[in-house]
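Below: one structure, written as structure tokens.
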Amino acid sequence: MPRFAANLTMLFNELPFLERFQAAAEAGFSGVEYLFPYGYDKYELAGRLKRWKLTQVLHNLPAGDWAAGERGIAILPDRITEFQHGVFDAIDYALKLGCRQVNCLAGIAPQGVEHARLHETLVNNLRFAAHELSQEGIALLVEPINTRDMPGFFLNSTAQALSLLDDVDSSNVFLQYDVYHMQVMEGDLARTIEANLDRIAHIQIADNPGRNEPGTGEINFPFLYRHLDAIGYAGWIGCEYKPARSTRDGLTWLPGHPKAA
């Protein structure tokens, strides 16, 4: 059975962020992920992980001004220095937290800039990040996101993401495959994952429509878990969904939960 990590940006929002580590551990999770650690003291975060015996599975590179609607800066030609500084910030936090992989959000394409220039900027930034991260044994991930939830996001399909990885041409850059986003954009989840298993380092889940718990929509998650076991997926599964009710009440989907169907 796959290993599940609670996404603390999305789950246990009934609690202040720092209290969500305990809640995740008590709910049966052995790993956690979240968007960004940078607003918190890294020693405080590391202490929470140690106290509750949790693995820090993933966090993102700095992605610009999130509150203002930015969703990554890696494609922006005028933000390269900021991006590079963010890589070193991510390394600093990842090393303290024991996090072995970080995700890069490409960003929303600005108007008036040619696609080719944005792509070139992204490739060069990813090469820089992949190299610097590799020096510390940290893998770089990139994630396609659906354009319904995030209009204008630059990277939005598996094929585009894999082509990007080819252009970056680094042994330290991998695909983060979000089941929800790719169900919206293209479907064919099981076959796509199997065909690209060697390039996928992390999987995230939510059901569609609604981006709620597994079992609330159209995706056959029990089949998908069995399929991942059968093809030998060895990574974590990040639970990046919006609970339809309280997080704890909605965890009956989790394999091994006392109330699991």
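Scan region 69-96 for residues that are in contact (Cβ under 8 Å) with a residue 60 or more places away in the chain and surrounded by fewer than 22 Cβ atoms within 10 Å (Cβ to Cβ) and jot them down.
Arg71
Step by step: first the residues of region 204-227, then only those that are without any contact (Cβ under 8 Å) to a residue 40 or more places away in the chain, open to solvent by less than 40 Å² (accessible area, probe 1.4 Å) and assigned to a helix (DSSP H, G or I), then the one that is farthest from Ala139 (Cα to Cα). Which residue is that?
Checked region 204-227; the qualifying residue farthest from Ala139 (Cα to Cα) is Phe221.
Please go through region 111-169 and give me each residue that is under 24 Å from Tyr93 (Cβ atoms), of a type in the set (D, E, K, R) and out of contact with any strand residue (DSSP E or B) (no Cβ under 6 Å at 6 or more places or on another chain), ordered by number.
Arg127, Glu132, Glu136
Answer with yes or no whether Phe128 is touching a residue at least 12 places away in the same chain (Cβ under 8 Å), aromatic (Phe, Trp, Tyr), surrounded by 14 or more Cβ atoms within 10 Å (Cβ to Cβ) and under 28 Å from Glu218 (Cα atoms).
No, not satisfied.
Give me the residue from region 5-42 that is open to solvent by 20 Å² or more (accessible area, probe 1.4 Å) and closer than 12 Å to Val57 by Cα and, out of that set, nearest to the chain's Cα centre (by Cα).
Per the criteria, the residue is Leu35.
Here is a check on your reading of the model: is Ala201 part of a helix (DSSP H, G or I) and open to solvent by less than 40 Å² (accessible area, probe 1.4 Å)?
No; evaluated as a whole, the condition is false for this residue.
Would you tally the residues in region 100-109 being part of a loop (DSSP other than H, G, I, E, B) and surrounded by fewer than 22 Cβ atoms within 10 Å (Cβ to Cβ)?
Total satisfying the criteria: 2.
Quick check on my filter: what residues within region 57-68 are over 19 Å from Thr121 (Cα atoms) and open to solvent by less than 50 Å² (accessible area, probe 1.4 Å)?
Val57, Leu58, His59
Would you point out the residue of region 150-190, among those that are among the charged types (D, E, K, R) and over 22 Å from Glu240 (Cα atoms), that is least open to solvent (accessible area, probe 1.4 Å)?
Residue satisfying both the conditions and the ranking: Asp167.
Among the numbered conditions (1) of a type in the set (A, V, I, L, M); (2) surrounded by 13 or more Cβ atoms within 10 Å (Cβ to Cβ); (3) out of contact with any Leu (no Cβ under 6 Å at 6 or more places or on another chain), tell me where Ala230 comes up short.
All conditions are met except number (2).
Suppose the filter is under 18 Å from Leu8 (Cβ atoms), surrounded by fewer than 23 Cβ atoms within 10 Å (Cβ to Cβ), of a type in the set (A, V, I, L, M, F, W, C) and in contact with a helix residue (DSSP H, G or I) (Cβ under 9 Å, 6 or more places away or on another chain); does Leu54 pass it?
Spelling it out, Leu54 is indeed under 18 Å from Leu8 (Cβ atoms), surrounded by fewer than 23 Cβ atoms within 10 Å (Cβ to Cβ), of a type in the set (A, V, I, L, M, F, W, C) and in contact with a helix residue (DSSP H, G or I) (Cβ under 9 Å, 6 or more places away or on another chain).
The values are calculated or read from the model by the stated rules, or taken from the named source; none is laboratory data. Quantities reported herein were computed from a predicted structural model and do not represent experimental measurements. For neighbour counting, all protein chains shown are included, and Cβ atoms are generated from backbone atoms with ideal geometry for every residue, glycine included. Ligands, DNA and RNA are excluded from the accessible area calculation, which covers all protein heavy atoms including side chains. Shrake-Rupley method; radii C 1.70, N 1.55, O 1.52, S 1.80 Å.
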